[in-house]
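The values are calculated or read from the model by the stated rules, or taken from the named source; none is laboratory data. Every value quoted in this text rests on a predicted model; they were computed, and no experiment measured them. Neighbour counts are summed over all protein chains in view; Cβ atoms, including those assigned to glycine, are modelled from backbone coordinates with ideal geometry. Note: areas computed on protein heavy atoms with side chains; ligands, DNA, RNA excluded. Shrake-Rupley method; radii C 1.70, N 1.55, O 1.52, S 1.80 Å.
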Amino acid sequence: MLDTLISIGDTLKEIRETKGFHLQEVAEKTTINYTSLSRIETGKRLRTKPQVQILASFYKYSEQELIKQLIRDKIIYEVQNEELVIYTIAVGK
């Protein structure tokens, strides 16, 4: 079930690529360093609300939608071994 959910990292990468930006370019134009951006997109680092807000503004993308994804990702991270919770989140999206 977890495989059917798209993480905020995946969404941010898709937005960046759709807009034609390279990671280095985003790092240079925001306050988020290259390594952090890369780890956020690959799911190796939990992102913060301020980072999501900066990226939403930079990409001109719905901050509300990204914050909802951020919250969902944080819940899943906390309860990742609880299948019923993950199913409930997937059904409720």
- Task: Could you tell me whether the range 28-46 includes any residue that is exposed (fewer than 14 other Cβ atoms within 10 Å of the Cβ), at pLDDT 95 or above and of a type in the set (Asp, Glu)?
- Result: yes
- Within the range 64-78, can you find the residues that are without any contact (Cβ under 8 Å) to a residue 40 or more places away in the chain and either touching a Pro at 6+ places or on another chain (Cβ under 9 Å) or open to solvent by 30 Å² or more (accessible area, probe 1.4 Å) (or both)? 64, 65, 68, 71, 74, 75, 77, 78
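At pLDDT 95 or above, in a helix (DSSP H, G or I) and of a type in the set (D, E, K, R): does that describe residue 74?
Details: at pLDDT 95 or above: no; in a helix (DSSP H, G or I): yes; of a type in the set (D, E, K, R): yes.
The answer is no for residue 74.
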